[in-house]
Every structure is written in structure tokens, then in C-alpha cells.
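Worksheet for the structure shown next.
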Amino acid sequence: MSSVVETRKATSKVDPVTAMKGSVKEEVPADLNIPDNYVTWTLKNQKPLPPITLENVLQNIQWLTFAILTITPSIAIWGLFNVKLRWETALWSVIYYFITGLGITAGYHRLWAHRSYNASKPLQYILAAAGTGAVEGSIKWWCRGHRAHHRYTDTDLDPYNAHKGFFFSHIGWMLFKPRYKPGVADVSDLSKSEVVRWQHRWYVWLILGFGFVVPTIVAGLWGDIKGGFFYAGAARLCFVHHSTFCVNSLAHWLGEAPFDDKHTPRDHFVTALVTVGEGYHNFHHQFPMDYRNAIRWYQYDPTKWFIWVCSKFGLASHLKIFPENEVKKGQLTMQLKKLREKQDVITWAPNVDDLPIISWESFQEQSAKRPLIVIAGFIHDVASFADEHPGGRHLITKNIGRDATTAFFGGVYDHSNAAHNLLSMYRVGVLHGGIQHGLQDKLIPPAQRLRIARYNEMGGYSSTALSDAAVSDGEGMLG
Ligand SMILES: [Zn+2]
Ligand SMILES: [Zn+2]
């Protein structure tokens, strides 16, 4: 045994390219030598299989998975009508559902596919056995597909591409031969694991054992072999299957995208409920190495709780958590995006750059024809508002042709933010040389002092041109 270990250590030092040439039998990462434009190139050049039609459907069925996914529910339904369900067996079925479900979520998914924590050998064997009871393929096969799903999300290289519809991402991708080959994903790290190799070698026997024999025998303890087989075996397996499948379908369809909406993954409590906690999928695709799916204590993530408890018993360690600061960045980005959408449907005051610059003489002249008032350097036409003025029309008329800045900002009445915002809508010009020093904070209507600007709108963003002073004063822009 020790010599094997030593050989491994020695080979790991070998340059991967040398290893490729066959001088050493170390498994080379599958994605080591792919071109830099692999995704674009493959998507452009890979010829998909012809679409599935009624004529070719039979040749395109993957019979083994098709059989497993149709016979299991058939057995369960037969049992439902012919075998009496005892409460002990019902309880055991639920427990075994969680055991095998956790084998997938805590084992296959978070431990092996994402390496989000380290598990001790005993825990690895337990998770491998439990995961086998979920009958979803070997760890190596499952993780290869899942890593491709994360790397090529929503493209044709993603084996469960959610853009192909709910049915396809849920189960269709297993029932029928894929039109595209899944994109390359490396699992050479898993080939080194003795537990993964053990499971791969004995896979068929382990399926029979943990998929059916164990649930049946345990129910035999209270004399319900038949119920054990039909309920804790077949029916429970159906639930575990569709529970996991929901991570590829429901979790890419239902809910919110609080961290990033570039791709389809979504967060939803219902998805979490049916997938043993894998429902915070938007978070998961952003931070796949995090051992958690749910980051708040009140969110439902029993897989996280299980891993955490294991760590308290010394069975798991190195639980990975993404820095909270980076998580917050994602959340803020999405919140700003939503706010920006709200900001964009609001009509704002005319742009300073779009307003004519008017001399004091011209202002005087025009005031004789229409009700113009200067406030904070802007000329406002208040014709449509004079009668609505809560303080009365006379206070407006009195100030026509005058600078009412002092009166507006507290001299007569310290107007509300709403009043200032509304006033800005009546701007028709900028008074030449009319901005008094010390009035910077009065230039920008309150609703526009803090705005969301995209990076390429900074600086040239005209309605903020006047706000430069405010920005340097610490009244920031967001972007
Ligand atoms: Zn996903
Ligand atoms: Zn994942």
C-alpha cells in the first residue's frame, strides 16, 4: 500500500504534458489541453444529432434509464393499490428518502461535484452508499455531468440546458440520447478517490443493495417486507429521483435571481423544500464552492445543517464559505438593477445641458409675457402651477420676474422635497451667471441627489453635470 502511495506522490510531480505522452499513467485533467475558444468553437462546429421525431423516437430512447424511470413508478403505483401501508413503513420511507437524498445532495453534489468541504473516510463511505440508494448513476458519471452543467449553464454543452424546456431539463435529457455531446469537464480528482472507485466497481450490486434490499430488510424488522419493498424501496426511489431532477428543472425556472440574472438558476423556498435544500440555486450557481445553498438561518437547507452537524462530530472539515463581502456585492448589483428599472420609468427634470442660457435682461423681458421665476439659478415657468400652489397664487405672482431662491428655501417657507422635485419639472432655462456661491445643494432636486448611473454614464451624465460639487461633497452617485 505504501509503495502505491509513493508512486502516486512521485507521478503527481510529473509535468502534465509529459504525462500526456504516456510515460506515466496519471490521469490527465480532461480539460487541460482544450483550446481557449473551446466553447465558441465547439458550439459552432459540433454537429448535433437530427431532431427527435415520431419516426426515429424508438432509436433515440436510452433504454436503461428509460426502464429505470418508468418501471420504478409502475411498481410503486401497483404497490399503492395492492399493499397496505403501515405507519412504521411510511415513517421509514420518509427517513430513507432523506438518507438517500442527502447521499446525493451532501455527497454527490456538495462533496464530490463541488468539493465544498472535506469528509472523513467513514462519512464518504456512508454518503457513497446512501447516494447509491438514490440510483442516479455512479458518483463519477453524475459529477462529470454536473460540472459540465455549471461550466456551460444554459448552452448546448450543458447536459440539462434549461433553455430546452422544463421537461428536457427535468427528465428528457436522460430518456433520450442527447443531441449534443456535453462539454468537457474534468473529474480526474475523483478517479483518485478510493471511495469513488469502490462505488464505481461495485455499482450494480450497491444499487440492488441500497436501492431495494436495505429498505426492504429494515421494514422486515416490524414484519413488513412487502411494504418495505414497495414503499421504502420503489415509491421512495421515485420521490428521490424527481426531487433531484427538480434541481435541474424547477430550480432553473421558479423564483428570484437575487445574486445574478445572467443565467436561469433561481432561488425559491418550494424548490428547497422538494430538493432537501438545493432550492437556493441562484446563490449556488454564483458560489458553487460554498457548502451552503441557503445563507440565512431561517431558509430551508437540511443538507447544510447535516454537513455542519457532521463537522461538529469531526466527520467533516474545511467547510467552504464564500466571503460575505462578495456575496453582498452580488445582492447589491441585483437590487441596483431593479432600482434602475424604477428610475428609468420616472420622468425627471430637463437636462441642464438641454436648457438655454438666458441673460437677466432677457429673463425680465420674457417675464412680462409669462410667469417666470428664478430659483437657484434656474428659470421656471410656473403657469400651470400657480393656481395649485398650496400657499396661494399671490405668493407666486409676487415673485414673477424675480429671484425667489431665498423665499423658496426657507425665507418664507422651507419647501418640502416633493415641492423642490416638482419645481424642477418647470425649468425652462438657466440664468446666465445666476448661481450664487453656496447654493450647490439647492441645484439638484432631492430625488436626483442619489442616482443610479452605469459606469459609462459617469461624468458625461448631463443632469449630474451640475452635481459634481455635490459628489465631491460626499453626496455620491451609485453605479
Ligand atoms: Zn443548475
Ligand atoms: Zn451544483
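The values are calculated or read from the model by the stated rules, or taken from the named source; none is laboratory data. Keep in mind it's a predicted model, so treat the numbers as computed, not measured. Neighbour counts run over all protein chains shown; Cβ positions are idealised from the backbone, glycine included.
Can you pull out every residue in the stretch 113-142 that is more than 15 Å from VAL204 (Cβ to Cβ) and of a type in the set (Phe, Trp, Tyr)? Listed by number, the residues that qualify are TYR117, TYR125, TRP142. Checked against the criterion of being more than 18 Å from GLY79 (Cα to Cα) and within 15 Å of ligand 1 (Cβ to nearest atom), the stretch 215-235 contains not a single residue that satisfies it. Can ASP158 be described as among the charged types (D, E, K, R), within 15 Å of ligand 2 (Cβ to nearest atom) and on the phi > 0 side of the Ramachandran plot? No, not satisfied.
Quick one: is ALA185 modelled with pLDDT under 95 and either within 16 Å of ligand 1 (Cβ to nearest atom) or touching a His at 6+ places or on another chain (Cβ under 7 Å) (or both)? Here the answer is yes, as ALA185 does meet what is asked. Per the conditions (1) within 14 Å of ligand 1 (Cβ to nearest atom); (2) surrounded by fewer than 22 Cβ atoms within 10 Å (Cβ to Cβ), the sole criterion not satisfied by PHE269 is (1). Among the residues making up the stretch 175-208, those that are touching a Gly at 6+ places or on another chain (Cβ under 9 Å) and in contact (Cβ under 8 Å) with a residue 40 or more places away in the chain are ALA185, GLN199, TYR203, LEU206, ILE207. Is there a residue being crowded, with 17+ Cβ neighbours inside 10 Å, in contact with a His (Cβ under 6 Å, 6 or more places away or on another chain) and either on the phi > 0 side of the Ramachandran plot or not aliphatic (A, V, I, L, M) (or both) anywhere in the stretch 304-315? No, there is no match, as no residue in the stretch 304-315 is crowded, with 17+ Cβ neighbours inside 10 Å, in contact with a His (Cβ under 6 Å, 6 or more places away or on another chain) and either on the phi > 0 side of the Ramachandran plot or not aliphatic (A, V, I, L, M) (or both). Filtered by the rule that a residue be part of a helix (DSSP H, G or I) and more than 11 Å from ligand 1 (Cβ to nearest atom), the stretch 157-174 gives HIS163, LYS164, PHE166, PHE167, PHE168, HIS170, ILE171, GLY172, TRP173, MET174.
So that you can scan it fast, the table gives a plain yes or no per residue for (1) of a type in the set (S, T, N, Q); (2) in contact with a His (Cβ under 6 Å, 6 or more places away or on another chain); (3) more than 30 Å from PHE283 (Cα to Cα); (4) within 16 Å of ligand 2 (Cβ to nearest atom):
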| site | (1), (2), (3), (4) |
| --- | --- |
| LEU190 | no, no, no, yes |
| TRP222 | no, no, yes, no |
| ALA234 | no, no, yes, no |
| GLU256 | no, no, no, no |
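HIS281 satisfies every condition listed in (1) surrounded by fewer than 21 Cβ atoms within 10 Å (Cβ to Cβ); (2) within 14 Å of ligand 2 (Cβ to nearest atom) except (1).
Condition check ((1) among the hydrophobic types (A, V, I, L, M, F, W, C); (2) surrounded by 11 or more Cβ atoms within 10 Å (Cβ to Cβ); (3) farther than 26 Å from ALA447 by Cβ) across all residues:
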residue	(1), (2), (3)
LEU332	yes, yes, no
ARG340	no, yes, no
GLN343	no, yes, no
TRP348	yes, yes, no
ASP353	no, yes, no
ILE358	yes, yes, no
GLU361	no, no, yes
GLN366	no, yes, yes
LYS369	no, no, yes
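Somewhere in the stretch 144-161, is a residue more than 18 Å from the chain's Cα centre (by Cα), over 24 Å from LEU254 (Cα atoms), of a type outside the set (Phe, Trp, Tyr) and at pLDDT 95 or above? Among the residues of the stretch 144-161, at least one is more than 18 Å from the chain's Cα centre (by Cα), over 24 Å from LEU254 (Cα atoms), of a type outside the set (Phe, Trp, Tyr) and at pLDDT 95 or above, which makes the answer yes.
Counting only helices (runs of 4 or more DSSP H) that sit completely within the stretch 242-326, those holding 3 or more residues that are more than 10 Å from the chain's Cα centre (by Cα) correspond to 269-274, 302-312. Report, by residue number, each residue of the stretch 288-334 that is closer than 10 Å to PHE259 by Cβ and in contact with an Asp or Glu (Cβ under 8 Å, 6 or more places away or on another chain). GLY330, THR333, MET334 - these are the residues of the stretch 288-334 that are closer than 10 Å to PHE259 by Cβ and in contact with an Asp or Glu (Cβ under 8 Å, 6 or more places away or on another chain).
Residues in the stretch 243-266 that are touching a residue at least 24 places away in the same chain (Cβ under 8 Å) and away from ligand 1 (no atom under 12 Å from the Cβ): 8 in all. Of everything listed in (1) crowded, with 19+ Cβ neighbours inside 10 Å; (2) without any contact (Cβ under 8 Å) to a residue 24 or more places away in the chain, the single unmet condition for ILE375 is (2).
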